[in-house]
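FYI, it's all coordinate maths here, none of it is from the lab. Quick caveat: nothing in here was measured; it's all calculated off a predicted structure. In this analysis, Cβ positions are derived from the backbone assuming ideal geometry, glycine residues included, and neighbour counts consider all displayed protein chains.
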Amino acid sequence: MLKIYGWKRSRAARCMWAMEEMGLDYEQVPLNPHAGETRTPEYLALNPSGKIPTLVHDDFVMAESMAINWYLASSFPGTLLPRDPHHGAKVQQWTLWAITELEPPVVAIMREGRRPREQIDGARIEAWHAGIHGILEAVLEPHLNRQKFLLPGNTFTLADLNVASVASSLQAFDIALDRHPAVADWMQRCLSREAWARVQQKP
């Protein structure tokens with residue numbers, strides 16, 4: 001039995017997306033960290049960091065969304081994780097790129113926006129925006145100009161899912177993709193998938 005703790009407005013969404021893509025049966029336990037629901041003794045026993053998501057598979061428990069997705073894709077049959085070890089390594093490469101290069105400035109913008117209005121530093125936000133556009137232009141745009149998806153073979157894989165799950169938050173922070181047309185087209189291909197649509201129907 002698979003059980004995922006977290007709601008769709010968190011990194012748990014990418015784990016639910018992976019399970020939906022693979023057609024796995026799972027139970028979602030929606031938790032709102034802003035309401036203290038991840039600080040209960042019961043939840044902290046599963047995940048002492050008090051963060052989401054947490055995956056429970058029978059008696060196996062693990063945290064960290066990208067690690068969860070690798071576990072799911074490598075444990076259950078499907079097409080998300082290529083069998084070719086070189087392609088599998090590329091999944092890891094793109095995943096690490098997403099969480100070390102693309103996600104940190106997005107999180108920084110989000111945190112700055114939570115400050116009192118009079119304390120928000122617009123110049124810092126503009127700098128983070130510029131940095132994100134630079135990353136997209138230098139890395140993702142030229143790559144996606146050559147192929148429809150991130151790995152060779154033009155097939156949607158865990159690499160696309162993981163990177164798109166990070167990039168899906170860009171629009172919420174007014175980071176338009178019109179200057180990166182190949183990235184915009186790729187995002188449309190990823191986020192128009194039925195599995196992602198099913199995740200959006202969840203709490």
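Contact order for the range 44-171, expressed relative to its length and based on alpha carbon pairs under 8 Å spaced 6+ residues apart, stands at 26 percent. Cα centroids of the range 146-191 and the range 92-111: 14 Å apart. Label separation (SER49 vs GLN201): 3.1 nm, computed from points 7 Å beyond Cα along the C-beta direction.
How many percent of all Cα-Cα pairs in the range 85-193 sit more than 15 Å apart? Cα-Cα pairs in the range 85-193 separated by more than 15 Å: 64 percent. Among ARG115, ARG124, ARG39, the residue with the largest mean-square fluctuation in a Gaussian network model of the chain, with springs joining Cα atoms closer than 10 Å, is ARG115. Taking label points 7 Å from Cα along the Cα-to-Cβ direction, ASP59 and ARG124 give a separation of 4.7 nm.
Where does the chain land at 222 nm, in deg cm²/dmol rounded to the nearest 500, when only DSSP H runs of n ≥ 4 count, each adding -39500 (n - 2.57), divided by all residues? Before the final figure, lay out each step's value.
Details: 10 runs with 100 residues, N = 203.
Taking each H run of at least 4 residues, the total per residue is -14500 deg cm²/dmol.
I need the shape label for the range 1-149. Rule: rounded when a/c is under 1.5, else prolate if a/b > b/c, else oblate, with a, b, c from the alpha carbon gyration tensor. Since a/c reaches 1.5 but b/c is at least a/b, the shape of the range 1-149 is classed as oblate.
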